[in-house]
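The values are calculated or read from the model by the stated rules, or taken from the named source; none is laboratory data. Just so we're clear, the structure is a prediction, and the values are computed from it rather than from any experiment. Every residue, glycine among them, receives a Cβ derived from its backbone with ideal geometry; neighbour counts consider all protein chains shown. Remember, those area values only see protein heavy atoms, side chains included, never the ligands or the DNA or RNA. Shrake-Rupley method; radii C 1.70, N 1.55, O 1.52, S 1.80 Å.
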Amino acid sequence: MHLSEHFTLGEVTKSRHAEVYNIPSHVAIENLKRVCGWLEELRRRYNQRYVLRSVSPPELGGARGGLNRGLSGASSDHPTHTGTPPNSGGEIDTEEPIIITSGYRSPELNRKVGGSPTSNHLTGCAVDIRVYGVEQAMRYAVILMDYADETKQDYDELLIERNRSGGYWLHFAVRPKDNRRKTKFLQK
């Protein structure tokens, strides 16, 4: 089931704990759709600002490298392009996806992963997004804050989080109402 153009229900409910029941209610699905609307805008703006839209391979006389311009420090497994050269022109589609690492969590799954008992994940209002370093997390955050300002909408939480191993992710939540616009950088 698609929640939006690029995000599916399976993607926002997956867990490495397959033994745990993790099926959202209809209300949680509506909340996930709302969050995915924001993620679609994040994906569009990020790709527009920081990723070249199409590049001809060097052997066809096109640009060389630079697919991740502005992403210094990106890991080697960072996706650089998702398309394949079309038959006619040799151009490569270079849009980068937004990768969700955690979305909806049932109460049992939330307990198992050590989530807060008041987590927005429990209602389908939050997702955690994979980032490749603090620079990408900050760019994502700026895009989401700008979108909130431009559209006069609010989000509930926009948190750049870091674990003890030095890995970063972006936690983003939007509630149906009473959004707090809580923005923080957290280290665990």
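Residues in region 171-188 that are open to solvent by less than 60 Å² (accessible area, probe 1.4 Å) and in a loop (DSSP other than H, G, I, E, B): 2 in all.
Any idea how many residues of region 89-143 are in a helix (DSSP H, G or I) and either open to solvent by 20 Å² or more (accessible area, probe 1.4 Å) or over 15 Å from TYR168 (Cβ atoms) (or both)?
Keep residues of region 89-143 that are in a helix (DSSP H, G or I), which gives 107-112, 120-123, 134-143.
Applying the additional criterion that residues be either open to solvent by 20 Å² or more (accessible area, probe 1.4 Å) or over 15 Å from TYR168 (Cβ atoms) (or both) yields 107-112, 120-123, 134-135, 138-139, 142-143.
Matching residues across region 89-143 total 16.
Only a single criterion out of (1) in contact with a Phe, Trp or Tyr (Cβ under 9 Å, 6 or more places away or on another chain); (2) open to solvent by 60 Å² or more (accessible area, probe 1.4 Å); (3) at pLDDT 95 or above is not satisfied by LEU32, namely (2). Residue selection: THR151 fails the criterion of being hydroxyl-bearing (Ser, Thr, Tyr), open to solvent by 10 Å² or more (accessible area, probe 1.4 Å) and over 16 Å from GLY37 (Cα atoms).
Filtered by the rule that a residue be touching a helix residue (DSSP H, G or I) at 6+ places or on another chain (Cβ under 8 Å) and at positive phi, region 122-171 gives a lone residue, GLY124.
Checking the structure you have, find out if any residue of region 50-62 is open to solvent by 90 Å² or more (accessible area, probe 1.4 Å), modelled with pLDDT under 95 and within 18 Å of the chain's Cα centre (by Cα).
First pass over region 50-62, keeping only residues open to solvent by 90 Å² or more (accessible area, probe 1.4 Å): 53, 59-60.
Subset that is modelled with pLDDT under 95: 53, 59-60.
Then drop every residue that is not within 18 Å of the chain's Cα centre (by Cα), which leaves none.
Checked against the condition, which is being open to solvent by 90 Å² or more (accessible area, probe 1.4 Å), modelled with pLDDT under 95 and within 18 Å of the chain's Cα centre (by Cα), region 50-62 yields no hits at all.
Just to be sure, is ARG44 without any contact (Cβ under 8 Å) to a residue 24 or more places away in the chain and under 25 Å from ASP146 (Cβ atoms)? Considered against the rule, which asks whether it is without any contact (Cβ under 8 Å) to a residue 24 or more places away in the chain and under 25 Å from ASP146 (Cβ atoms), ARG44 comes out as yes. Residues being open to solvent by 20 Å² or more (accessible area, probe 1.4 Å) and at pLDDT 50 or above are entirely absent from region 70-81.
Would it be correct to say that TYR168 is buried (at least 19 other Cβ atoms within 10 Å of the Cβ) and hydroxyl-bearing (Ser, Thr, Tyr)?
On the way: buried (at least 19 other Cβ atoms within 10 Å of the Cβ): yes; hydroxyl-bearing (Ser, Thr, Tyr): yes.
Considered against the rule, which asks whether it is buried (at least 19 other Cβ atoms within 10 Å of the Cβ) and hydroxyl-bearing (Ser, Thr, Tyr), TYR168 comes out as yes.
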